[in-house]
1. From 25, 33, 40, 55, which residue is surrounded by fewer than 16 Cβ atoms within 10 Å (Cβ to Cβ) and more than 18 Å from residue 7 (Cα to Cα)?
2. For residue 47, indicate whether it is of a type in the set (Gly, Ala, Ser) and at pLDDT below 85.
3. Taking the range 6-60, which residues are without any contact (Cβ under 8 Å) to a residue 12 or more places away in the chain, more than 13 Å from the chain's Cα centre (by Cα) and assigned to a loop (DSSP other than H, G, I, E, B)?
4. Being in contact with a strand residue (DSSP E or B) (Cβ under 9 Å, 6 or more places away or on another chain), among the aliphatic types (A, V, I, L, M) and not in a strand (DSSP E or B): is that true of residue 77 here?
Amino acid sequence: MAYLDDVYITAGSGRIRVYDLGAHEIHHRAGIEINKDKSECWCSGGGVAPPGIAELNGPAPIAPVWKGDLAPEFNGLEILGSSVGDVLFQTTRGT
């Protein structure tokens, strides 16, 4: 899904990494690059990041791309202004 400059990729629970495929298809079809520095990944099941996700992290103190194993108040992401994630994450964001 895409809305203006935001792109959202959803995947099944098979712990797959779709970032490279999504980036390739967006570049191939629209001629634009995904901004790696704004990338975030989260899974409702939590746990450790799937293979390859850590390589997307920027230099500290930039927050890690993978949000699934962070403390509850940071465990989630914003989708078009709506908080998705741990209940504490949602309540601390006010949405």
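1. Being surrounded by fewer than 16 Cβ atoms within 10 Å (Cβ to Cβ) and more than 18 Å from residue 7 (Cα to Cα) holds for just one of 25, 33, 40, 55, which is 55.
2. no
3. Matches in the range 6-60: 12, 14, 31, 32, 33, 59, 60.
4. no
The values are calculated or read from the model by the stated rules, or taken from the named source; none is laboratory data. Predicted model, so just to flag it, every value in this text is computed and none were measured. No Cβ is skipped: glycine too gets one built from the backbone with ideal geometry, and neighbour counts run over all protein chains shown.
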